[in-house]
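Just below is one structure, and these are the notes that go with it.
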Amino acid sequence: MRSVRFALSLLLPIILASCGDPSAPDTPTAHPNFITDGVPTGTSFGNIGALLFDFDGNGTIEGFEVQCTGSLISPTVFLTAAHCIAFLPPNPQLYVSFDESLLPGPPTVIAAVASHFDPAFLPIHADNHSDLHDLGVVILPTGSTSGITPLQLPPAGFLDGLAAQGGLRGQFFINVGYGVDASHTGRPGYGFDGVRKTSKSLFQALLGPWLDLLMNTNATGEGGFCFGDSGSPHFSEGNTQMALATSTGVEGPTCRSSGHNYRLDTPSARAFLGQYVQLP
């Protein structure tokens with residue numbers, strides 16, 4: 001489960017330093033980017049947002065209360081991962097922000113009216129490539145996302161078709177999210193600045209319901225994704241209008257090995273998503 005709060009709990013002093021705590025030591029080069037080795041999106045990717053929950057119960061939604069990332073797939077449907085919702089209290093009051101940066105905040109948020117996750121979701125699994133049904137949706141009020149163009153979903157078997165033609169070999173995929181950056185030197189460390197960022201990861205494998213991406217920066221010279229990027233979309237390079245998968249899990253404690261991403265073009269994914277949006 002890759003939430004920002006989990007990463008914050010691991011190395012809070014380092015996180016505070018990266019967020020500008022005046023009492024913390026100055027470490028300007030410890031965490032240069034926050035979706036691993038990424039760059040800020042600016043106004044691009046305005047249909048990708050942060051999923052937030054009032055963890056401290058004070059009635060104010062703060063930027064550090066981001067749980068996961070997600071994307072708008074219809075004017076009222078925000079797609080994320082099941083594990084971003086399933087472990088919260090029943091019927092949680094969730095919020096979505098499409099701000100470029102969640103800090104210093106408070107961010108502009110939309111209060112959700114409902115949330116659902118695939119009832120076949122498997123939080124415990126035998127191996128990394130079981131079909132976990134790790135999809136969830138957050139329902140937003142009508143009219144709350146006016147001016148934001150939803151992402152497209154892929155047609156059935158889209159990635160299988162590309163693979164059959166050799167179209168995935170050597171392909172880079174675009175990652176976008178609000179998650180933390182994992183330090184690649186010294187002891188494991190995580191930094192968080194609340195900025196939506198984008199990076200690229202190399203295709204590794206297509207395994208049943210999963211799109212696996214290589215996040216070893218030493219091998220690819222590119223980046224990856226980490227805690228807080230769960231539920232974030234992945235695009236084939238050159239087409240950032242069609243979300244092909246959502247982030248689900250990573251290998252390695254510092255988010256620098258492989259990433260497992262749940263495909264959106266499989267029968268099981270489409271069976272769930274078709275309850276909430278019209279599928280291509």
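The values are calculated or read from the model by the stated rules, or taken from the named source; none is laboratory data. Predicted model, so just to flag it, every value in this text is computed and none were measured. Here Cβ is always computed from backbone atoms with ideal geometry, including for glycine, and neighbour counts include all displayed protein chains.
Observations on the structure shown:
- Filter result (aromatic (Phe, Trp, Tyr) and at pLDDT 95 or above) within segment 83-120: Tyr95, Phe98, Phe117
- Subset of segment 99-117 [closer than 22 Å to Gly177 by Cα and either assigned to a loop (DSSP other than H, G, I, E, B) or free of Cβ contacts under 8 Å to residues at least 12 places away in the same chain (or both)]: Asp99, Glu100, Leu102, Leu103, Pro104, Gly105, Pro106, Pro107, Thr108, Val109, Ala112
- A single member of Phe45, Phe78 is in contact with a Leu (Cβ under 9 Å, 6 or more places away or on another chain), crowded, with 19+ Cβ neighbours inside 10 Å and at pLDDT 95 or above, and it is Phe78.
- Enumeration of residues in segment 96-116 that are within 17 Å of Ser230 (Cα to Cα) and either of a type in the set (D, E, K, R) or in contact with a Leu (Cβ under 7 Å, 6 or more places away or on another chain) (or both): Val96, Ser97, Ser115
Residue-wise test of (1) surrounded by fewer than 20 Cβ atoms within 10 Å (Cβ to Cβ); (2) within 16 Å of the chain's Cα centre (by Cα); (3) among the hydroxyl-bearing types (Ser, Thr, Tyr); (4) at pLDDT below 85.
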position	(1), (2), (3), (4)
Ser144	yes, no, yes, no
Gly161	yes, no, no, no
Gly166	yes, no, no, no
Gly170	yes, no, no, no
Val176	no, yes, no, no
Gly189	no, no, no, yes
Phe192	no, yes, no, yes
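- Looking at Glu237, Glu222, Glu251, just one residue is surrounded by fewer than 23 Cβ atoms within 10 Å (Cβ to Cβ) and modelled with pLDDT of 75 or more, and that residue is Glu237.
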